[in-house]
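Beneath this line is the structure, given in structure tokens, with notes to follow.
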Amino acid sequence: MRKQYFIFLIVLFVSMVMIRCGDESSEIVARIGTEEITKAELIEKLKQDYRNVSLNQLSLEDKRKSLNKLLDERRKLLKAKQLGLEKDPKFQQDRETYADRLIAIELYNQLVRDVILPEKLLRQYYDWMHYKIKAVIINVGYQGVKIYNRERTREEALQLAQTYRKQLEASSDPEKTAHELSDDQRNRPVLNPYRIGRFTPKLDSLVFSAGEGDVIGPVDTDRGFIILKILQRQETSLSPYESIKNEISNRIRHYFRTREKELFDQYTAQFDEKYHVEFYDDAISNFLHQLQEWGVKENRKLEDFTPEQRGTVLAVAGDVQITVDDFLNYYKTRLFRDFRKYRRMEDLKNGWLRQQVTLKVWTLEGKNRGLDSAPHVQEELHQFEITRLSQLVTEKEIDEKINITDEEIEQYYNEHREKYKQPEKIQVWQICLNDEATAKKVAQWVKQGKDMEALYKKYMKPHKGQTIPYSLGLQTRNSRFKDVVEKAFEMGPNKLEGPIEIGGDFFIIKTGDYIPEQYRTLEQVKNTVHSEIFNQKRKQREKEFLKEIREEFAFRINESTLRDIG
């Protein structure tokens, strides 16, 4: 069950990041058609486009470039709606799935995350993060701890740690003392900076409450006893609380995993009962039999599953049925590989099916509490619509309008034949030795017919600090073993020479097949040529399409808000 809990969390959180905006979200930077672009949205875009630049360093032109990208996205959205693409069944299905996850996440945040990570705690950590702490650490392990597991008992470790504390307090060289005393064999006695989320809330509290020169501990943790001495405490600047709240939450969340899982299991059990969850074991068993039969078929395809099979109900939650069709739509082409995961009924029932049921009951409860109407849920859903409909209109108005004939492919190939030229190659084996006398002996043995690979294993030496493999395979003149390969080309195919001096070392080199320079045929590169023509046409068609929709959809920019950013 623990495994399924974490899988459920991955299903919820991997595909999206919840963004909560402050009062800034109400400030509008631009309007286009029925769409608005907020100041907060543009700030997020600027952070993506200029990752290593602070907002106050950005020019007005930088801001306009990012804003224009958002405007083009909105134009695509408006065009998609104009073409009725929001009614596309696949889009509707994807939207519903995304909405379900948003609602489930919002309920999870309210019932679980906000309980284990209350605002007061996050604010406390935010205050602590205003200080950069440099400290030395001594780890004293004992029997049974996770990291520094030692033969000593806990009582022996505590007594030793108390002695170490006194030594650290009196030391004129804390780093050296920590290095000598700690059980950490990786010799990393200095924490610079001390990072929240690495130890425990108790230790975090002690560290950030201490002053320079203070010694903390011994504190008992799952890695043993810890003693710290604060070497430096400096105040540092931080981003606004709302912008890093999620980062703080993610860094300390693991402290509370046990409690988080308890709450999750508790509510899931409640919702299972409330929405009358039922698994249909006979249907699951029958489907698994069909799946395994399908898996061993030659030339199998997803269309092999009949409408009747697809409609088989595997479980229910409230008025929601989870069917074989849901399973097939979830896996799609991955099923050709992943069907092997499901050989027993428990594999499916406690795996994918349990995940889907859990998602459904959390979604149903979220809807029951009105969370589908929550402003930030609607905002995130709107962002999904912008992204997905922009993709759909790109496919329809750009990709699907590109036509490439066989004549174009042939013409492009003839005009760019040099791109498809394969350089000459030669097969190479080698042994590198550092002294000429040994090299002469080894060369003589090879020429007498002794196993060259066995001699390589016994006598080979690095060349300029690098160990060169015995068999280099087919090499071009652009090889990373350039000097050796150049000699091989000079020798020609099927030759054995040595010792040859190269860069102060001595080589025995054997060559094999030689493949001359040649052009790949059109048939060999047809797919590559097609892709290159498609990408060229796509760029041109995209320019034309953007020009069309830029002329079609007028916009207004709030210049003062744009200038105020940063």
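The values are calculated or read from the model by the stated rules, or taken from the named source; none is laboratory data. Keep in mind it's a predicted model, so treat the numbers as computed, not measured. FYI the Cβ positions are ideal-geometry reconstructions off the backbone, even for glycines, and counts take in every protein chain you see.
A compact table of results
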item	result
Residues within region 492-551 that are assigned to a strand (DSSP E or B) and out of contact with any His (no Cβ under 7 Å at 6 or more places or on another chain), tallied	19
Helices (runs of 4 or more DSSP H) (entirely within region 35-124) containing at least 2 residues that are within 24 Å of Gln355 (Cβ to Cβ)	89-108
Subset tally (residues that are polar (S, T, N, Q), surrounded by fewer than 16 Cβ atoms within 10 Å (Cβ to Cβ) and part of a helix (DSSP H, G or I)) for region 552-566	1
Among (1) touching a residue at least 12 places away in the same chain (Cβ under 8 Å); (2) farther than 18 Å from Pro499 by Cβ - the single one Asp406 does not satisfy	(1)
Count of region 125-140 residues which are assigned to a strand (DSSP E or B), in contact with a Ser or Thr (Cβ under 8 Å, 6 or more places away or on another chain) and either closer than 23 Å to Ser243 by Cβ or in the same structural domain as Ile386 (by TED's automatic domain parsing) (or both)	2
Within region 67-109, considering residues that are β-branched (Val, Ile, Thr) and touching a residue at least 40 places away in the same chain (Cβ under 8 Å), the one nearest to Ile549 (Cα to Cα)	Ile103
Flag for Tyr514 being under 30 Å from Lys487 (Cβ atoms), at pLDDT 95 or above and either in contact with an Asp or Glu (Cβ under 8 Å, 6 or more places away or on another chain) or of a type in the set (Phe, Trp, Tyr) (or both)	yes
Qualifying residues in region 421-440 (those that are touching a strand residue (DSSP E or B) at 6+ places or on another chain (Cβ under 7 Å), in a helix (DSSP H, G or I) and not basic (Lys, Arg)) - the one farthest from Arg520 (Cα to Cα)	Glu436
Residues of region 441-491 satisfying the condition of being in a loop (DSSP other than H, G, I, E, B) and among the hydroxyl-bearing types (Ser, Thr, Tyr)	Thr467, Tyr470, Thr476, Ser479
Some residue of region 82-93 being assigned by TED's automatic domain parsing to the domain that holds Arg556, closer than 17 Å to Thr387 by Cβ, surrounded by fewer than 19 Cβ atoms within 10 Å (Cβ to Cβ) and of a type in the set (Asp, Glu)	yes
Among the residues listed as Glu400, Glu380, Glu418, the single one being in contact with a helix residue (DSSP H, G or I) (Cβ under 7 Å, 6 or more places away or on another chain) and not in a loop (DSSP other than H, G, I, E, B)	Glu380
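Yes/no matrix, rows are residues, columns are (1) exposed (fewer than 14 other Cβ atoms within 10 Å of the Cβ); (2) assigned by TED's automatic domain parsing to the domain that holds Phe305; (3) free of Cβ contacts under 8 Å to residues at least 12 places away in the same chain:
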{"residue": "Ser243", "(1), (2), (3)": "no, no, yes"}
{"residue": "Tyr255", "(1), (2), (3)": "no, yes, no"}
{"residue": "Arg259", "(1), (2), (3)": "yes, yes, no"}
{"residue": "Gln266", "(1), (2), (3)": "yes, yes, yes"}
{"residue": "Phe271", "(1), (2), (3)": "no, yes, no"}
{"residue": "Tyr275", "(1), (2), (3)": "no, yes, no"}
{"residue": "Glu278", "(1), (2), (3)": "yes, yes, no"}
{"residue": "Asp282", "(1), (2), (3)": "yes, yes, yes"}
{"residue": "Phe287", "(1), (2), (3)": "no, yes, no"}
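Results for (1) acidic (Asp, Glu); (2) touching a helix residue (DSSP H, G or I) at 6+ places or on another chain (Cβ under 9 Å); (3) within 23 Å of Gln232 (Cα to Cα); (4) surrounded by 19 or more Cβ atoms within 10 Å (Cβ to Cβ), shown as yes or no for each residue.
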position: Ala135; (1), (2), (3), (4): no, yes, yes, yes
position: Glu155; (1), (2), (3), (4): yes, no, no, no
position: Tyr164; (1), (2), (3), (4): no, yes, yes, yes
position: Glu169; (1), (2), (3), (4): yes, no, yes, no
position: His179; (1), (2), (3), (4): no, no, yes, no
position: Leu206; (1), (2), (3), (4): no, no, yes, no
position: Glu212; (1), (2), (3), (4): yes, no, yes, no
